[in-house]
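Since the structure comes first, as structure tokens, the remarks are kept for the end.
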Amino acid sequence: MPSIHSIFRDIKALTDSQIEELFNTIGEIISLRTMTGSLYNDSREQRFSKGVACLHCGSMNVIKHGKKNDVQRFRCKDCERTFNDRTMTPLANSHVSLEQWIDYAKCMVMGLSIRKSAKICEVSVKTSFYMRHRLLDAVRNFQGVGEVSGIVEMDETFLPESFKGNHKKSGFIMPRKSRKRGKQIKKRGISNEQVCMATAIDREGNIIFEMTNKGRIKTADLERLYKGRLDPNALICTDSHKSYITFAKGNVAEHIRIASGKHKNGVYHISHVNSLHSKFKKWIDRFNGVATKYLPNYLHWFKWLQTFIDEKEIAKARQLLVNSNTFKTDICINQYRMRGIVFS
Ligand SMILES: [Zn+2]
């Protein structure tokens, strides 16, 4: 290890641009250290904001049960089981260090692929896949589907169904001949080979963005997704698709339709939802086709990035880890492989 004096000597010999680089690196090291220290505290506070409840049975009849590696353990007096701050969080029983998780969260804020993130964080591609989906499951849990009110723009967007990530080894049979990756479907218009993502966005910036069905959206799909999540006093703006007309009756106070080819009707428009969709298409493009079964996680990833759009990258990464540590998740890697397509 070099002495601090020889480091100072070396620094004096650096060029201006090297000094600037050094300055930025030191800044990063400091913020990483501060972050590591406070991360567990914040996660714990958010997780146990209503008091410490047993993670196994939910009982509040819980006592402190010693510390191990500086992690507080608890024992439930009802079910007699023990748990700690990290039990059932993405960081629990992880062989990956906290620093690697932080780097990984940063990669996710930047929207890097599984392979690129693996390289940066020095983990295998398999581990990278696992880290990604553990974090995203937790983010989904944390965000929930959401709620919208006031003036609400609604529309839907489509992506070709993808069976990427399903392997013959696990007994998967392709329902149709496989397409070359990224190749567009030939059929014109919307077919059952496309998955539909219903979207609602209000003027407060609340977003509902969920994969609902294959092909054209039906009134039943809208009912299932928006019932209880859309304020009955809301005013909705949609295009002239007829499913919305049927849905609007009885579910909202007012329905403004934008005629096809038009962008607005008086002061009402659907440009927020349209711009969200074009942003999403541009963002998801970098992944070269996401397997449909993982698409809901990617939608929540995108939505999470929109919610924290104004924060600095490092703060976003930190927030991602705090949020994802708040809720319990106990899925293991083989369960991801077995996961099927689930519509909201
Ligand atoms: Zn218990």
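The values are calculated or read from the model by the stated rules, or taken from the named source; none is laboratory data. Since the model is a prediction, treat every value here as computed from it, not as a measurement. Methodologically, a virtual Cβ is constructed for each residue, glycine included, from the backbone with ideal geometry; neighbour enumeration extends over all protein chains shown.
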>> Can you report the number of residues in segment 91-111 which are in contact with a Leu (Cβ under 8 Å, 6 or more places away or on another chain) and hydroxyl-bearing (Ser, Thr, Tyr)?
In response: 1
> Can you find a residue in segment 30-42 that is outside any strand (DSSP E or B), within 16 Å of the ligand (Cβ to nearest atom), surrounded by 11 or more Cβ atoms within 10 Å (Cβ to Cβ) and modelled with pLDDT under 85?
Replying inline: no
> In segment 43-65, which residues are at pLDDT 90 or above, outside any loop (DSSP other than H, G, I, E, B) and either more than 11 Å from the ligand (Cβ to nearest atom) or surrounded by fewer than 17 Cβ atoms within 10 Å (Cβ to Cβ) (or both)?
Replying inline: 63, 64, 65
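Residues in segment 239-259: is at least one within 30 Å of residue 111 (Cβ to Cβ) and crowded, with 16+ Cβ neighbours inside 10 Å?
There is at least one residue in segment 239-259 that is within 30 Å of residue 111 (Cβ to Cβ) and crowded, with 16+ Cβ neighbours inside 10 Å.
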> Quick check: is even one residue across segment 7-18 more than 16 Å from the ligand (Cβ to nearest atom), among the aliphatic types (A, V, I, L, M) and under 20 Å from residue 320 (Cβ atoms)?
Replying inline: no
>> Restricting to segment 69-109, and then to whatever is among the hydroxyl-bearing types (Ser, Thr, Tyr) and either part of a loop (DSSP other than H, G, I, E, B) or within 16 Å of the ligand (Cβ to nearest atom) (or both), can you tell me which residue is surrounded by the fewest Cβ atoms within 10 Å (Cβ to Cβ)?
In response: 97
> Which members of segment 225-247 meet the condition of being touching a residue at least 24 places away in the same chain (Cβ under 8 Å), assigned to a helix (DSSP H, G or I) and not polar (S, T, N, Q)?
Replying inline: 225, 226, 244, 247
> In segment 291-307, is there at least one residue being hydroxyl-bearing (Ser, Thr, Tyr), in contact with a strand residue (DSSP E or B) (Cβ under 6 Å, 6 or more places away or on another chain) and surrounded by 17 or more Cβ atoms within 10 Å (Cβ to Cβ)?
Replying inline: yes
>> Is it the case, given these coordinates, that residue 274 is over 22 Å from residue 203 (Cα atoms), in contact (Cβ under 8 Å) with a residue 60 or more places away in the chain and surrounded by fewer than 19 Cβ atoms within 10 Å (Cβ to Cβ)?
In response: no
